[in-house]
1. Could you compute how much accessible surface V116 exposes when probed at 1.4 Å, giving the result in Å² to the nearest 10?
2. Just the number: Rg to Rh for segment 136-261, Cα atoms, Kirkwood Rh, two decimals.
3. Which whole-Hz ³J(HN,Hα) couplings does segment 226-234 yield from phi under the Karplus relation 6.51 cos²θ - 1.76 cosθ + 1.60, θ = phi - 60°, glycine and proline marked x?
4. Percentage of Cα-Cα pair distances in segment 119-191 greater than 14 Å, rounded to whole percent?
5. Roughly how many debye, to the nearest 20, is the charge dipole of the chain about its Cα centre, given +1 on each Lys and Arg Cβ, -1 on each Asp and Glu Cβ, and no other charges?
6. Please work out the ratio of the alpha-carbon Rg of segment 68-219 to 2.2 N^0.38 Å and round it to two decimals.
7. Please work out whether segment 1-147 counts as rounded, prolate or oblate from its C-alpha gyration tensor, where a ≥ b ≥ c are the square roots of the eigenvalues and a/c under 1.5 means rounded, while otherwise a/b larger than b/c means prolate and anything else oblate?
8. With a ≥ b ≥ c taken as the square roots of the eigenvalues of the C-alpha gyration tensor of the chain, please select rounded if a/c is under 1.5 and otherwise prolate if a/b is larger than b/c or oblate if it is not?
Amino acid sequence: MNKRTIHILIVMLLTAVAVATRTYWMGSVLEWIVAAVFIIVAGIPHGSLDHKIAQHRNKNLKLLFYIGGYVAAAALFLAVWLWMPGWAFLLFLLLTAWHFGETDIACFGFQKASPVLVFVYGAALTCWLLLQEPDVLIYWTGIITQKSKVALTVVQWITTVPVLIWLGVVAIIVVLNPHVGAFTWTQRLLFLLFLYLVSKTSLLIGFILYFSGWHSISAMLHVHHAVFSRSGFKTMLKQALPFTTAAVVFLFVIGWLSNGTWLSNHALPALFVLLSILTLPHMTEMHKLYTHTKPEGKTV
């Protein structure tokens with residue numbers, strides 16, 4: 001049994017446990033605590049290695065210069081959020097769809113896949129993850145975007161599509177994938193079962209299980225093979241630790257300044273925006289990784 005099969009089995013079993021215990025945690029503070037733990041353990045660390053990816057690609061890269069550009073890109077996205085929250089939210093969904101699609105398509109063994117294939121898969125997957133509870137999604141969209149008409153209109157339109165169609169599109173791409181050696185039939189069936197089980201949890205936990213449990217770990221494995229294959233996994237985690245710690249401390253400070261009101265949803269929009277503004281520079285860096293290397297780390 002290879003590492004990818006073990007990875008899928010772990011996230012599938014975690015999801016099955018979440019489904020079996022949903023009456024105990026759903027709608028409680030425990031749901032948010034579990035989501036926070038998953039984000040801290042895997043979600044944030046998977047974006048804390050971007051500077052190492054850049055340095056691997058350019059040995060002469062100045063770290064302070066890179067961090068300055070990274071922060072500038074995040075600040076630009078933050079400005080869009082402040083001026084046009086509805087459009088920023090839609091842009092974030094598009095970026096998320098592309099980023100999820102690019103990482104999964106790499107997991108499936110596709111090399112230099114068509115951008116259309118990447119986006120169609122990513123968009124269908126994102127819709128499947130977000131549209132399990134349409135009312136909840138619309139509610140949060142209104143809060144995050146300050147009731148932006150354009151964002152609410154688009155989200156409401158998307159909810160009119162039967163949710164199983166989105167899973168069907170994902171399944172077609174997964175099943176018809178010709179790279180059986182890279183993503184076996186057993187792995188495909190387990191992966192689709194995992195996605196189906198995700199829909200039986202909740203909007204928050206389902207998304208977090210995919211994002212932290214599958215996507216973030218997959219991305220970290222790609223970074224490991226491409227950048228840290230010689231130095232090892234422990235070295236990679238040590239390199240991610242300082243930036244992960246800084247991000248976690250920053251988020252806790254935000255929570256402390258809000259007097260813990262994020263637990264009752266008042267500060268969640270701010271936390272969501274703070275996390276999302278890192279999407280643009282992170283997605284850009286991962287795109288360069290997938291463009292210049294294969295998932296197994298060999299140069300294209």
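The values are calculated or read from the model by the stated rules, or taken from the named source; none is laboratory data. None of these values were measured; they are calculated from a predicted model. Glycine gets a Cβ as well: all are built from the backbone with ideal geometry, and neighbour counts include every protein chain shown. Surface areas here come from the heavy atoms of the whole protein model, side chains and all, with no ligands, DNA or RNA. Shrake-Rupley method; radii C 1.70, N 1.55, O 1.52, S 1.80 Å.
1. 100
2. Working: Rg = 19.3 Å, Rh = 18.3 Å.
Rg/Rh: 1.05.
3. 7, 10, 10, 4, 8, 8, x, 5, 4
4. More than 14 Å apart: 65 percent of the Cα pairs in segment 119-191.
5. On the way: 18 positive and 8 negative charges, 176 e Å.
In debye, rounded to 20, the chain gives about 840.
6. On the way: Rg = 16.2 Å, N = 152, 2.2 N^0.38 = 14.8 Å.
This ratio for segment 68-219 stands at 1.09.
7. Details: a/c = 1.55, a/b = 1.18, b/c = 1.32.
The shape class here is oblate.
8. rounded
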